[in-house]
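Peer 1: Submitted below is the structure of interest, expressed as structure tokens.
The values are calculated or read from the model by the stated rules, or taken from the named source; none is laboratory data. None of the values given here were measured: they were computed from a predicted structure. Quick reminder, even Gly has a Cβ in these numbers, built from the backbone with ideal geometry, and neighbours come from all protein chains shown. In case anyone asks, the SASA skips ligands and DNA or RNA and just uses the protein heavy atoms, side chains included. Shrake-Rupley method; radii C 1.70, N 1.55, O 1.52, S 1.80 Å.
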Amino acid sequence: MKKTLLLATTALSAIMARADEVEVKTLTYAGPFVVQQPVMIDETDVNSKTFNDGSFLDASVNFESLKKGHSITTGTLPGCESGKALHLLGFTISNTSYSTVNIEVDGIKSYQVYLDDKQINGGYSQLQPSVHNVVIKYLSQPGQSDSATIKIDGEKLLVGELNSNTKRPYNIYDVLNAKSYSSVSISPNGKYLIYKTRETATGGAVTNHVYLKDLKSGNVIEKRHYINWMPRTNKCYFVSKNDGVKTYSITTIDPATQAENVICTNAPQVQFTISPTEDYLIYSVETEGPKEKKDVFEVIEPDDRQPGWRKRTNLYKYDLKSGLVQQLTYGHHNVWLNDISCDGKYILISKSESHLEARPTTVTSLYRLNLENLKVDTLIDKDGFIASAQFSPDGTQVMVSGSPEALDGIGKNINANQTPSMYDYQLFLSPTINAGADFSPRNWKALTRDFNPNVQSFIWSKYDGQVYLNTEDKDFKHLYKLNIKTGKFKYIDCGEELLESFSISDASNMMAYYGQGASNSDRLYTMNTKNSAYTLIDDIDKDRYKSITLGKCEAWDYINEKGDTICCRYYLPANFDASKTYPMIVNYYGGCSPTSRTFQSRYPQHAYASLGYVVLVVNPRGATGFGQKWSAAHVNTAGKGVAEDIIGAVQGFCKDHSFVNSKKIGCIGASYGGFMTQYLQTVTDIFAAAVSHAGISDHTSYWGEGYWGYSYSEVSMANSYPWTRKDLYVDQSPLYNADKVHTPLLFVHGTGDTNVPVGESIQMYTALKLLGRPTAMVLVDGENHWILDYNKRIQWQNSIWAWFAKYLQDDSTWWDSMYGKKAL
């Protein structure tokens, strides 16, 4: 008996040449699984079907059993003497470029074929670039054996065993299904650790777990959905909803004894912060503002278009002993908590308000509130450039993060003709807080004025008095320590290229953190902050990467015409051969942040490289993490300078690396990077294909229509407006230069994008269609600025890869299979 299956798969072009027919010689086998005919109550079922040998094949067999199977060669297959039995045969097909494959199974009388756990009934099946599992489930008769021949016909295929040691390329499922950490918190005494993990299953189901671990023994004490530390007593707590009322019970756990104790039965059912003295909670209450009619309504200011903008928050205090609720703030401006002093007597609070008539259009005030008498000290009044604040360990000073223009610009370190980037965060230290303190900006101290990294977060240690900073440091995220007394910074090696999150013990020299690198996923550590010695605690996804091969990632710098060093890096295919030439894809930053060394990013460079591309990442002028003068190059340039850096870096890289096919270079960027993709095509012809995700085509329409258009323009177009700077808003907009575009340009966009509205892609796409230029547009229904839905993201990613394959690899098969020509 013969059965033919046609599979639309992908091909591993770098490994094997065309093979018209490949016979599968080695298989993984599991079985036998003896089956019996059921008791025949009737001759037919409810659908008038009779029971036959094919009915046995419908019995479920766990394919996981193949993991413990053994290798066999094709020919005479195993049978079963004792009765009818099911058996499993498995092998893999690995491919990295689109192809059609014919699988021919000959000699087996009764069988089913499964591809990646889905039964194949003939016809075509479309697969993502990956390693695909093929399982043949067959039925044997008592004392009989079939003789099998399995052949595969197609281009550039690699066939292997399911359980072989052959490594496979990195693919989109490795990105989407990766295990990762989402938070980490160390106990006050540094002996225990709470960390949260996240795992996404195929199809998109997400599982979160929270673990409590004893660092000395390495044992996991608790595993829950929610758990957190009490601030002082080295106990953790969890909350549970009370039946019939909107309150929580709060229960503590002693990790040393696992003893539980309910400390509160009537806490408000909201997010809260427990005071360092552990005797009260601070929480926010949200109040609905006046509602408009649903069908016809007034918008009272630009941000009123955003859902929930009319809601306002105020702060409350809940006394754990008495249950008394004290409202702390009242009004129609949003108020939020920054910090609580160690003695529990004071809190730092912030208030925001609109300021539309001048930049910045939102201003913030910072106050110290005395909880005993509710008296307020104003520390900063209506400053639009501050972000967060913390008390010093002794509560006598406050450290504030903000952009260089905060506090009358005392932290600015730029050229005379520049405006700082509002996303380049600095640290500022207040004068000592006392009755006669003067908090005017001249009395604050700019701590990071001459420190180039961009401060992402900071913790002022209660144990050693040092300030620990997580920073954007070029395309890394590095840990630094600031000595407040000397003002000196010290870099701390934490063993990872990207420090993602960290936590510091209040009563010991222990720190916990997790991070990743350009070529590795999340790993969890502890560190002794006294000597900076770190210890690996967990490598959450290490098993996945035992079977994956990655290409090299190397740093490479480009010196531009001004003598500036442009930080770049490049990725090579796993089976790279320097004697060959490869197409290249160029990626660059969106917004103001550098394109960091994130492993599982929105644009996973290793996954692109696994498809046979060299990938070049360029961090041009304007990115944060390189110093204020560098990030200020993003302001009021609208692509100028940035474009020259990207073009120069691409040309320089091709000159230095003969393995790049300079005629087959593509580029991709998202958001502001999507704008850069479009803008680049108006000023250069070096690209053979381009992809713009959620890119800005007209600065004026984005400025007025995007939820954050006008406020983001306070960063990128500081003090410039459509009516004052036509040279920026019009002349630098790709839409008004559409006739200069000749590069095949793909637009991808979520239809629900509230940041960069989908009209930005629609209008540029329309322009190029009217001009007769090669273009396409793929819209993702309902998705916002990022494509988050699991299955939609796969289709979105495949659209991008298929576009590049069409123009950079001269293979339109993949694109045509997704978006074939339509007679309309």
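Peer 1: Kindly state, to the nearest 0.05, the FRET efficiency for Glu353 paired with Asp464, given R0 = 35 Å and r defined as their beta-carbon distance.
Peer 2: 0.40
Peer 1: Label point 7 Å out from Lys311 along Cα-to-Cβ: which residues of segment 261-296 have amide N under 18 Å?
Peer 2: Answer for this model: 268-273, 283-292.
Peer 1: Another one. Below 17 Å, Cα to Cα, which aspartates and glutamates can Lys726 reach? Residues fewer than 8 away in the same chain don't count.
Peer 2: In chain and number order, the partners are Asp698, Glu714.
Peer 1: What percent do you get for the relative contact order of the chain when only Cα pairs under 8 Å and 6+ apart count?
Peer 2: Reported relative contact order: 8 percent.
Peer 1: Over all pairs of distinct alpha carbons, what does the Kirkwood formula give as the hydrodynamic radius of segment 305-384, in Å?
Peer 2: Result for segment 305-384 stands at 14.0 Å.
Peer 1: Right, next: Stretched out fully, how many nm does the piece from Asn509 to Asp557 gain, at 0.36 nm a residue minus the Cα gap?
Peer 2: Here the answer is 13.5 nm.
Peer 1: Please report, in whole Å, how far the alpha carbons of segment 237-343 spread along each principal axis, starting with the longest.
Peer 2: 60, 34, 24
Peer 1: Something else now. Starting from 0.36 nm per residue, how many nanometres of slack lie between Asp279 and Asn165 once their C-alpha separation is accounted for?
Peer 2: The span from Asp279 to Asn165 would gain 35.3 nm if fully extended.
Peer 1: Something else about it: How far apart, in nanometres, would the label points at Lys382 and Lys640 be if each is projected 7 angstrom from Cα along the Cα-to-Cβ direction?
Peer 2: In this crude spin-label approximation the distance works out to 3.5 nm.
Peer 1: Pairs to check: Lys67/Lys806; Lys151/Lys179; Lys481/Lys542; Lys562/Lys655; Lys311/Lys345. Give those whose C-alpha atoms are more than 27 Å from each other in this structure.
Peer 2: Lys67/Lys806; Lys151/Lys179; Lys481/Lys542; Lys311/Lys345
Peer 1: Could I ask something else about it? Just checking my list [x] 20; [y] 26; [z] 13 against percent of Cα pairs over 55 Å apart computed from this structure; which label fits?
Peer 2: Answer label, from the structure shown: [x].
Peer 1: Follow-up. What accessible area per residue comes out for the chain, rounded to a whole number of Å², with a 1.4 Å probe?
Peer 2: I get 44 Å² per residue for this part.
Peer 1: Cut-off under 15 Å on the C-alpha distance; same-chain residues fewer than 8 positions from Lys235 excluded. Which aspartates and glutamates are left, in chain and number order?
Peer 2: Asp214, Glu222, Asp254, Glu260, Glu278, Asp279, Asp506
Peer 1: Using the eigenvalues of the Cα gyration tensor, what equivalent ellipsoid semi-axes result for segment 468-556 when each is taken as the square root of five times the eigenvalue, whole Å, largest first?
Peer 2: 27, 17, 9
Peer 1: Next up: Rounded to the nearest 0.05, what FRET efficiency is calculated for His333 and His209 with R0 set to 30 Å and r the Cβ-Cβ distance?
Peer 2: The calculated FRET efficiency here is 0.20.
Peer 1: Given the DSSP H assignment, sum -39500 (n - 2.57) over each helix run of at least 4 residues in the chain and divide by its residue total; what's the result at 222 nm in deg cm²/dmol, nearest 500?
Peer 2: Calculated mean residue ellipticity at 222 nm is -3500 deg cm²/dmol.
Peer 1: Rounded to a whole number, what % of the accessible area of the chain do carbon and sulfur atoms account for, probe 1.4 Å?
Peer 2: For the chain, the apolar C and S fraction of the accessible surface comes to 47 percent.
Peer 1: Among all the lysines, which ones have a C-alpha under 24 Å from Lys488's C-alpha, if same-chain residues fewer than 8 places away are not counted?
Peer 2: Lys412, Lys445, Lys462, Lys474, Lys477, Lys530, Lys629
Peer 1: For segment 709-785, what is one quarter of the convex hull surface built on the Cα atoms, given in nm²?
Peer 2: Mean shadow area of the hull around the Cα atoms is 5.6 nm².
Peer 1: Once you charge only the Cβ atoms, +1 for Lys and Arg and -1 for Asp and Glu, what is the size of the charge dipole of the chain about its Cα centre, to the nearest 20 debye?
Peer 2: Value, rounded to 20: 860 debye.
Peer 1: Still on this structure, I have one more. Roughly how many nanometres apart are two label points built 7 Å out from the Cα toward the Cβ at Thr766 and Asp243?
Peer 2: Result: 5.9 nm between the two label points.
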